[in-house]
């Protein structure tokens with residue numbers, strides 16, 4: 001009997017045959033045959049998200065990825081039912097595909113939510129030939145989510161057991177641990193299991209004290225090597241640590257300090273000089289004056305290129321200075337430089353930076369960029385700004401707007417002001433109150449009747465950027481509430497804080513967030529306590545400049561480290577110091593908020609790329 005005859009004579013058998021075939025084959029009903037991700041999800045839903053349907057969804061997502069259609073793949077992979085029902089090998093395949101699209105799309109928000117359920121040993125669930133790919137995707141996903149510690153722990157756990165590691169592998173782990181907040185390192189060290197994890201965490205923590213001298217860092221690295229001789233990080237050491245050890249043995253022996261010690265900038269120059277020598281005398285590893293000679297020159301009323309030529313006749317290893325921008329621009333035009341120079345200001349045109357010229361200072365542009373980054377990190381990407389008139393304000397405005405545009409934020413309105421102006425009118429203009437009033441007038445003219453009018457500010461503002469001195473800031477902040485902006489957070493640079501607690505006056509700065517240097521926000525720092533005891537007037541009145549001098553001393557022996565090792569930094573007293581390829585030192589400061597008139601320290605910015613998982617970044621710490 002033919003099959004056709006059987007079907008003709010036995011219709012009941014034919015129906016059962018079709019049902020059995022439908023349960024055993026994907027033909028005609030499987031998600032991987034849908035034309036769109038929405039269609040695939042609809043088919044899976046109609047099939048009750050069976051294991052077969054889930055595998056079909058993953059097959060569809062994989063097909064989209066192979067066609068570089070990662071957004072379509074994301075539509076499927078972010079489906080809640082898929083995530084909730086996947087188990088066993090299906091779950092492992094789902095996680096691998098999801099990480100591939102997260103990385104391809106650079107999707108930080110998806111990464112941040114995805115890692116909440118991502119085990120550190122996820123990579124171990126794949127065959128040997130797929131583990132390298134799984135490890136890379138897992139590490140990059142943790143990085144995108146800002147969980148640098150888990151990214152490092154993944155690399156540590158997946159390292160070859162025979163100890164055959166490369167410098168580049170150890171460099172990657174080291175840079176991830178460096179980007180991990182100290183609080184998380186301490187927490188991880190207290191619960192770490194395993195020789196490799198414990199050794200890496202102890203190494204990272206040994207170099208975390210701010211202001212640690214180069215020699216002290218070299219000593220700490222060598223001590224760690226003695227205690228962990230068989231650790232994978234001991235041989236080979238990460239590149240940055242190898243250079244630290246080398247440079248600690250080859251530090252400058254003769255430095256020329258060129259500052260304005262008379263004239264209108266004398267107080268500034270002396271504060272920096274005092275900070276430099278405070279660091280010099282507190283450096284227990286400098287080896288005495290016979291090991292490090294420092295000559296001091298007054299740059300006031302000097303032709304700096306001529307002074308530079310005079311200084312190099314004494315054969316210094318490094319010149320620190322000048323402070324004056326005019327002098328710096330003049331020496332840059334004399335390139336090439338015979339002796340390295342650490343300028344304490346910035347060139348007007350960074351593209352003209354000659355070789356061996358490094359630039360460091362308390363840059364207002366650095367703070368403007370950090371305000372922009374904090375705004376976006378706090379999910380307040382649309383802001384308005386109050387900025388004073390003048391060249392300084394022009395530079396701040398350019399830096400703020402440029403950085404906001406670069407990272408997906410927007411400055412909706414900038415109002416420039418003079419301290420003599422009517423500040424009420426300035427705030428009204430900032431919030432477009434006048435536009436609200438004009439709309440009411442237009443309505444009245446149109447309908448010919450008086451209308452009841454209540455002024456309103458523009459409603460698309462997420463935050464206010466307040467660039468002001470303490471005196472002006474105390475006047476502006478209450479006005480924001482008066483003009484219906486009391487619920488808007490206010491962000492400010494260090495200019496908003498005198499550096500000395502004054503709760504009665506600073507109560508008018510309530511809830512203002514501001515960025516400032518570690519020296520100001522961490523009075524318990526040993527370096528500050530020692531300096532304050534010896535030079536109380538200098539450290540209080542000119543505290544930020546004094547700290548700048550101390551960091552200039554730290555930079556004197558670490559310029560090669562910052563310029564040669566990508567990702568290297570210094571935990572300084574004016575911030576975390578890094579260097580661009582052009583030799584410009586940038587500072588990453590800390591954050592605080594005024595509460596009851598007192599500054600309270602905030603945790604580091606909660607950025608998608610820096611947010612450690614399960615860490616509360618909103619914690620406030622009193623500044624005593």
query: Does residue 219 fit the bill of being assigned to a loop (DSSP other than H, G, I, E, B), crowded, with 17+ Cβ neighbours inside 10 Å and in contact (Cβ under 8 Å) with a residue 24 or more places away in the chain?
result: no
field: From 241, 237, 247, 261, residue being buried (at least 17 other Cβ atoms within 10 Å of the Cβ), more than 16 Å from residue 171 (Cβ to Cβ) and within 32 Å of the chain's Cα centre (by Cα)
entry: 247
query: When residue 245 is evaluated against the numbered criteria (1) within 30 Å of residue 529 (Cα to Cα); (2) in the same structural domain as residue 337 (by TED's automatic domain parsing), which criterion, by number, is the only one it fails?
result: (2)
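Among what's in the range 371-409 and is part of a loop (DSSP other than H, G, I, E, B) and under 20 Å from the mean Cα position of the chain (by Cα), pick the residue that is surrounded by the most Cβ atoms within 10 Å (Cβ to Cβ).
As a first pass, look at the range 371-409 and keep what is part of a loop (DSSP other than H, G, I, E, B): 378-381, 389-390, 407-409.
Adding the requirement that they be under 20 Å from the mean Cα position of the chain (by Cα) leaves 378-381, 407-409.
On the way: 378: 18, 379: 10, 380: 17, 381: 17, 407: 15, 408: 8, 409: 22.
Applying the filter and picking the extreme gives 409.
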- request: Please verify whether the range 327-335 includes one or more residues that are in the same structural domain as residue 547 (by TED's automatic domain parsing) and under 30 Å from residue 527 (Cβ atoms).
  value: yes
- prompt: Out of (1) surrounded by fewer than 20 Cβ atoms within 10 Å (Cβ to Cβ); (2) within 24 Å of the chain's Cα centre (by Cα); (3) farther than 25 Å from residue 39 by Cβ, what's the single condition that is false for residue 105?
  reply: (3)
- line: Scanning the range 517-543 residue by residue, those buried (at least 20 other Cβ atoms within 10 Å of the Cβ) and under 27 Å from residue 603 (Cα atoms) turn out to be 517, 518, 519, 520, 521, 527, 528, 531, 539, 542, 543
task: Looking only at the range 244-265, count how many residues are outside any helix (DSSP H, G or I) and in contact (Cβ under 8 Å) with a residue 60 or more places away in the chain.
output: 10
task: Could you pull out the residue among 509, 521 that is outside the structural domain of residue 395 (by TED's automatic domain parsing) and touching a strand residue (DSSP E or B) at 6+ places or on another chain (Cβ under 6 Å)?
output: 521
The range 453-474, subset more than 23 Å from residue 377 (Cβ to Cβ) and modelled with pLDDT of 95 or more, residue surrounded by the most Cβ atoms within 10 Å (Cβ to Cβ): 472
statement: Within the range 468-478, residues out of contact with any strand residue (DSSP E or B) (no Cβ under 9 Å at 6 or more places or on another chain) and within 13 Å of residue 510 (Cβ to Cβ) come out as 474, 478
- line: Counting only residues that are under 16 Å from residue 323 (Cα atoms), without any contact (Cβ under 8 Å) to a residue 40 or more places away in the chain and under 24 Å from the mean Cα position of the chain (by Cα), the range 340-366 contains a total of 1
Among (1) free of Cβ contacts under 8 Å to residues at least 40 places away in the same chain; (2) surrounded by fewer than 19 Cβ atoms within 10 Å (Cβ to Cβ), the one test that residue 412 misses: (1)
task: Return only the number of the condition from (1) more than 21 Å from the chain's Cα centre (by Cα); (2) more than 20 Å from residue 569 (Cα to Cα) that residue 140 does not satisfy.
output: (1)
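Would it be correct to say that residue 73 is in a helix (DSSP H, G or I), surrounded by fewer than 16 Cβ atoms within 10 Å (Cβ to Cβ), touching a helix residue (DSSP H, G or I) at 6+ places or on another chain (Cβ under 8 Å) and touching a residue at least 12 places away in the same chain (Cβ under 8 Å)?
On the way: in a helix (DSSP H, G or I): yes; surrounded by fewer than 16 Cβ atoms within 10 Å (Cβ to Cβ): no; touching a helix residue (DSSP H, G or I) at 6+ places or on another chain (Cβ under 8 Å): yes; touching a residue at least 12 places away in the same chain (Cβ under 8 Å): yes.
Answer is no for this residue.
The values are calculated or read from the model by the stated rules, or taken from the named source; none is laboratory data. The shown structure was predicted, so the numbers you read here are calculated from the model rather than taken from an experiment. Reconstructed Cβ throughout: ideal geometry from the backbone, glycine too, with neighbour counts over all protein chains shown.
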